[in-house]
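Below is one structure, written out as structure tokens, with a few remarks after it.
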Amino acid sequence: MAKPEYYYGVHSVESLLELEPERVLTLFTLKGRDDQRLKRIVELAEPFGVSIQKASRDTLEKLADLPYHQGVVAAVRPHPVLNEKDLDDLLTQKPECLLLALDQVTDPHNLGACIRTAAAMGVEAVIVPRDRSASLTPTARKVAAGGAEKIQFIQVTNLARTLAHVKDKFYYQVVGTMLDEQAKPLPSCDLTGSVVIVMGAEDTGLRPITQSQCDITTYIPMYGQLQSLNVSVATGMALYEATRQRNQ
């Protein structure tokens, strides 16, 4: 059997038990903690025969590999890694999705925050390149606060080639967020229908090869003294505008 993964944090573990309880092998809870949130997690685990063990704070820190575990860690069967075929299956079953692609976002905290917002805004899948990108680590899952269990996370070999594929086969519009001469203000872009919104890393933005697959480019108008935003904040603003248009 593959080595288990460790999920930690109340939101992450609770969401996992609600959506995929069959993956949970063992639940470790902080010895001496007996609040309602932890009771709720134990109640979710018990009907599925999950082994529940009381553990010291030191033990939980070792399992989570950091001290911010909120008193609960779950040993979990690894989830299969989703790839290009899974993306094709999704788009065949659910046409006119809203998708989010992240180009070389390497910070797991930013990835987790983007996933959390994407899940809240009705995004069907988050697409990232397999290399030079953060993966769905326990830290990313913790920051996602349950969002990682509600959305498809797809790792692809070549992001630009994947964008070209979804355009050619499924007729998606690829919208890249960047500031260039052709970029339009975000509210003036049509974000309804089959759309992929592509966000770049904070320091380098979208790579040229990714830019080449964008049908249109857009920017978030700003009126203060700052000229840039954290990628997770910018992602939230872009996805909110897309959701606003799609729900009108």
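The values are calculated or read from the model by the stated rules, or taken from the named source; none is laboratory data. Predicted model, so just to flag it, every value in this text is computed and none were measured. Positions of Cβ are generated from backbone atoms using ideal geometry, with glycine treated the same way; all protein chains shown enter the neighbour counts. Note: accessible area is taken over every heavy atom of the protein model, side chains too, but ligands, DNA and RNA are not part of it. Shrake-Rupley method; radii C 1.70, N 1.55, O 1.52, S 1.80 Å.
Numerical summary
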quantity	calculated
Residues that are open to solvent by less than 30 Å² (accessible area, probe 1.4 Å) and out of contact with any Leu (no Cβ under 6 Å at 6 or more places or on another chain), drawn from the stretch 89-106	90, 91, 97, 98, 99, 100, 101, 102
Pair list, Cβ under 9 Å, 6 or more apart: the stretch 165-191 residue at negative phi, other residue hydrophobic (A, V, I, L, M, F, W, C) and open to solvent by 50 Å² or more (accessible area, probe 1.4 Å)	186/237
Any strands (runs of 3 or more DSSP E) falling wholly within the stretch 22-76 and containing at least 1 residues that are of a type outside the set (Val, Ile, Thr), over 17 Å from residue 146 (Cβ atoms) and touching a residue at least 60 places away in the same chain (Cβ under 8 Å)	72-76
The stretch 214-240: number of residues that are surrounded by fewer than 19 Cβ atoms within 10 Å (Cβ to Cβ) and touching a Pro at 6+ places or on another chain (Cβ under 9 Å)	3
Check on residue 13, open to solvent by less than 60 Å² (accessible area, probe 1.4 Å), under 19 Å from residue 67 (Cβ atoms) and assigned to a helix (DSSP H, G or I)	yes
Residue in the stretch 155-174 that is part of a strand (DSSP E or B) and surrounded by fewer than 16 Cβ atoms within 10 Å (Cβ to Cβ) present	no
All positions within the stretch 130-152 that are open to solvent by less than 10 Å² (accessible area, probe 1.4 Å) and over 11 Å from residue 114 (Cβ atoms)	146
Scan of the stretch 108-133 for residues that are at negative phi, in contact with a Ser or Thr (Cβ under 9 Å, 6 or more places away or on another chain) and in a loop (DSSP other than H, G, I, E, B), ordered by number	121, 123, 130, 131, 133
From the options 25, 60, residue that is surrounded by 17 or more Cβ atoms within 10 Å (Cβ to Cβ), at pLDDT 90 or above and not polar (S, T, N, Q)	60
Condition met for residue 54 (at pLDDT 90 or above, exposed (fewer than 14 other Cβ atoms within 10 Å of the Cβ) and under 30 Å from residue 208 (Cα atoms))	no
Of all residues making up the stretch 212-239, the number that are of a type outside the set (Val, Ile, Thr) and within 10 Å of residue 186 (Cβ to Cβ)	5
Every residue from the stretch 77-88 that is assigned to a helix (DSSP H, G or I), open to solvent by 10 Å² or more (accessible area, probe 1.4 Å) and in contact (Cβ under 8 Å) with a residue 40 or more places away in the chain	84, 86, 88
